[in-house]
Amino acid sequence: MKRRRVKITGIGPVTPAGIGREAFWSGILEPVSRVRPYTKLGTEFGPFVAAHIPSFDVNKYVNRSQVPKGAARQSLFAIAGAMLALADAGIDPADLQKISTAVIAGSSIMDFGGVSSSIEGVQRRGARGALPRVLFAIGIGSVPSAIGEVLGLNVRAMAVSTQCSSGLDAVGYAADLVANGEADLAICGGTEAPLHRFPLVELRAADLTPQTAEMPDRISRPFDLWRTTGVVSEGACMFVLEPEESPRPGYSFIAGHAFASDEKGELCGGMVEAGKFALAEGGIRPDQVEAISAWGPGHKLVDAGEARAMQKLFGEALRDIPTVSVKGAIGTPLGAAPAIQVAAAALGQRQGMIPPTVNWDYPDPACPLNLSNRARTLEHAWTLVNTHGLGAVNSSMVLHRC
């Protein structure tokens, strides 16, 4: 069977910059950081900052009685994102009964809030304090299953966990299912709710989130000369993917997707191969790329590693390719981050704009990228999306404007 072109027909962001397509797009264009002190864990473990979603209520998006009992926060984010994406595509969930549907969700970690609650219950009350629900709700596989249950569908469900690349790989895998005819519609994306004692204490100990809560809105500084480390956050973004012949309008085609690992000692070096393979699958040359959605978490070494990789991929032309990292605005919601990047890139292609790189104020000679701390008008058709994760993993995706 001939591979079908696959397009994004619905976008459902659940982010600190806004929930829903319109609120997200308006929020991500603002030169504003949503990173704030995170006090929910108290003071016992020292200060934390995060870009979090304080007023999230899944009841606004679905009848709570449909939600699996004890569903984890990351599952609730994904459920809301799926319902928003379906509404954005103009699809009544009841109509999915007649469509071959797959649900693919990516997350980098399980629900450690549920794990901690059960452990603390056992410590207080012995075996009676154990929470059986954690067996069914904390795993990454519970996310797509929860979406299928809410929709009342016996869907093909799969979870993807490739560290912080999870959300992008979930979209890429779902696009393959639709392209190959194994599904006629896919609900896919990434979700993450890691703002618990674990893994925040460990991430801070590894210098992957800040040791201080001073000037929180200035901490996440992608590619800036004075950056230190990234900021862990939470959020999700889900999409509806359909074949080109679908009557619903699309935002962007998923033109190419690839992954590659770093060689030992070459941080982000695998981005070069991932980018090359994704461009090759998309059938374009590097000189046709008109915008880059960079991983750029604001980490001193990771940002520089990505810049080196992009220099190898694009050469001197890199200085002329408008590039953005949204992490200054929303932090890094781990495996959900690349899905949110895809949303910003697809909306940018439709609107002829790219968001600002918030807090990029002082150019770093080690990161010679075409950045701006203000939103830019840019008519563009081809965008490269980059991701990088612990374990030396990298993924890239090429989007082509519909």
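The values are calculated or read from the model by the stated rules, or taken from the named source; none is laboratory data. The model shown is predicted, which means the values in this text are computed figures rather than measured ones. Cβ atoms come from the backbone with ideal geometry, glycine included; neighbour counts cover every protein chain shown. Ligands, DNA and RNA are excluded from the accessible area calculation, which covers all protein heavy atoms including side chains. Shrake-Rupley method; radii C 1.70, N 1.55, O 1.52, S 1.80 Å.
Can you send over the carbon and sulfur percentage of the accessible area for the stretch 246-402, probe radius 1.4 Å, protein chains only? Carbon and sulfur: 54 percent of the exposed surface of the stretch 246-402. Spin-label pair SER372-SER65: with each label point 7 Å from Cα along the Cα-Cβ axis, the two points sit 5.1 nm from one another. Under a no-solvent Debye model with one identical scatterer per Cα of the stretch 107-189, what's log10 I(q)/I(0) at q = 0.22 Å⁻¹? Reported log10 I(q)/I(0), two decimals: -1.01. For the listed peptides 205-216, 83-94, a ranking on the average number of other beta carbons within 10 Å per residue, highest first, reads 83-94, 205-216. When the Gaussian network model of the chain links Cα atoms closer than 10 Å, the mean-square fluctuations of GLU120, GLU281, GLU273 top out at GLU120. Of the peptides 329-338, 164-173, the ranking by mean beta-carbon count within 10 Å, highest at the top, reads 329-338, 164-173. Distance between the modelled labels on LEU301 and LYS98, one decimal in nanometres: 5.6 nm (7 Å Cα→Cβ projection).
Spatial offset of the stretch 111-163 relative to the stretch 366-397 amounts to 33 Å, using the alpha carbon center of each. When the solvent-accessible area of the stretch 41-114 is split by element, carbon and sulfur atoms take up 52 percent of it, the probe being 1.4 Å.
In the full protein context, the chain carries 39 Å² of accessible surface per residue, based on a 1.4 Å probe and ignoring ligands, DNA and RNA. A Förster radius of 51 Å combined with the Cβ-Cβ distance from LEU41 to GLU379 puts the calculated FRET efficiency at roughly 0.70. Here the spin labels are modelled as points 7 Å beyond Cα on the Cα-Cβ line, and at ARG285 and ARG350 they lie 3.2 nm apart. Please check which bits of the stretch 330-356 a label hung off ARG248 would reach, taking the label as a point 7 Å along Cα-to-C-beta and the cut-off as backbone N under 17 Å. Counting only backbone N, you get 343, 346-347.
Compared with the direct C-alpha span, the chain from LEU135 to ARG319 gains 61.3 nm at full extension, assuming 0.36 nm per residue.
Here the peptides 180-186, 361-367 are ranked by packing, the mean other Cβ count within 10 Å, and the order with the highest first is 180-186, 361-367.
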